[in-house]
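The structure under discussion appears below in the form of structure tokens.
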Amino acid sequence: MGILNVTPDSFSDGGRHLDPVAAAIAMMEEGADLIDIGGESTRPGADAISVATEMARVLPVIAALARRGVPLSIDTRNASTMHAALESGARIVNDVSALAHDPKSGAVVACAGCPVVLMHTRGDPICMTRLGLYNDVAKDVARELEARVEHAIACGIGRAQIAIDPGIGFAKAPAASVALLQRLETLMALGLPMLVGVSRKGFIGALSGQKNAADRAAGSIAAALWAVSKGASVLRVHDVGATVQAVRVWRGLGAIG
């Protein structure tokens with residue numbers, strides 16, 4: 001899953017895509033299977049924007065890429081944006097709030113019958129950092145994700161349409177993110193496909209000493225391969241070509257089946 005943030009303030013690539021359509025096509029040519037488009041930064045500390053602003057950013061890009069047959073997911077926590085994006089050609093909803101932010105979002109996804117990714121977090125971007133206290137991070141995240149899965153099913157979303165995301169870096173300090181990655185099998189016990197987004201995250205900077213997020217490709221690839229070894233089905237990445245190459249070589253060497 002190639003990351004396309006149509007935002008001025010995302011933590012790594014905000015404001016860098018002068019031509020988002022060309023950037024998405026380039027990622028597809030590098031080997032991405034789909035493109036995840038977001039119009040609101042949800043990094044820790046980010047201010048909320050209006051739904052109108054979010055839709056103005058993402059809908060023209062979605063429509064243009066859908067006309068070219070590019071598989072798309074919409075990265076949003078707002079029901080109105082989900083609905084409009086699906087109408088414009090997106091196929092998957094990727095919600096960092098796991099359908100908790102907007103009470104109408106579950107119904108939108110259920111009505112569309114589309115796949116949905118439920119990511120673990122706590123609170124919102126403004127307060128998430130102070131909510132990152134865990135007794136046992138793997139067990140706590142698994143339990144809280146299971147509750148969001150049950151909520152989605154209660155909304156009418158089929159279990160077969162649901163994937164989970166541990167939410168690395170969301171309401172999790174670097175040490176908690178590392179501990180969670182070490183025990184991803186605890187989340188795999190939920191029996192659902194797992195998307196993992198480690199690309200350029202803060203824990204990679206903490207482990208590597210690389211302060212500049214854009215220079216964390218090597219560490220991101222190492223963490224991505226680790227996630228796949230633990231059962232991840234989808235990798236959400238900035239550096240598509242390098243990650244695809246690494247996974248292909250790793251598989252070719254028999255690291256995974």
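General observations
- Residues of the stretch 96-107 satisfying the condition of being in contact with a helix residue (DSSP H, G or I) (Cβ under 8 Å, 6 or more places away or on another chain), crowded, with 23+ Cβ neighbours inside 10 Å and among the aliphatic types (A, V, I, L, M): 98, 99
- Filtered residues of the stretch 52-72 (kept if surrounded by fewer than 16 Cβ atoms within 10 Å (Cβ to Cβ) and outside any helix (DSSP H, G or I)): 68, 69
- Selection from the stretch 217-230 of residues that are surrounded by 15 or more Cβ atoms within 10 Å (Cβ to Cβ) and touching a residue at least 24 places away in the same chain (Cβ under 8 Å): 217, 221, 223, 224, 225, 226, 227, 228, 230
- Tally of residues being over 15 Å from residue 223 (Cα atoms) and touching a His at 6+ places or on another chain (Cβ under 8 Å) across the stretch 181-208: 0
- Only one of the numbered conditions (1) within 25 Å of residue 47 (Cα to Cα); (2) buried (at least 23 other Cβ atoms within 10 Å of the Cβ) is violated by residue 157, and that is (1).
- Of everything listed in (1) at pLDDT below 95; (2) on the phi < 0 side of the Ramachandran plot; (3) of a type in the set (Gly, Ala, Ser), the single unmet condition for residue 15 is (2).
- Only residues that are of a type in the set (A, V, I, L, M, F, W, C), buried (at least 20 other Cβ atoms within 10 Å of the Cβ) and not in a loop (DSSP other than H, G, I, E, B) were counted in the stretch 162-180, giving 4.
- For the condition within 14 Å of residue 120 (Cα to Cα), of a type outside the set (A, V, I, L, M) and either at pLDDT below 95 or assigned to a helix (DSSP H, G or I) (or both), residue 220 does not qualify.
- Residue within the stretch 92-103 that is among the charged types (D, E, K, R), within 23 Å of residue 21 (Cα to Cα) and under 16 Å from the mean Cα position of the chain (by Cα) present: yes
- Residue identified as on the phi > 0 side of the Ramachandran plot, under 19 Å from the mean Cα position of the chain (by Cα) and either of a type outside the set (S, T, N, Q) or modelled with pLDDT of 95 or more (or both) among 160, 176, 171, 142: 171
- Some residue of the stretch 137-153 being in a loop (DSSP other than H, G, I, E, B) and not aromatic (Phe, Trp, Tyr): no
- Test: residue in the stretch 127-136 that is at negative phi, polar (S, T, N, Q), surrounded by fewer than 21 Cβ atoms within 10 Å (Cβ to Cβ) and part of a loop (DSSP other than H, G, I, E, B): yes
- Some residue of the stretch 110-124 being surrounded by fewer than 16 Cβ atoms within 10 Å (Cβ to Cβ), assigned to a loop (DSSP other than H, G, I, E, B) and at pLDDT 95 or above: yes
- In the stretch 246-257, the residues that are under 19 Å from residue 218 (Cβ atoms) form Cβ pairs under 6 Å with partners that are surrounded by 11 or more Cβ atoms within 10 Å (Cβ to Cβ) and modelled with pLDDT of 85 or more, at six or more places apart or across chains, as follows: 246/221; 250/225.
The values are calculated or read from the model by the stated rules, or taken from the named source; none is laboratory data. None of these values were measured; they are calculated from a predicted model. Because the Cβ atoms are built from the backbone with ideal geometry, glycine has one as well, and the counts that use them run over all protein chains shown.
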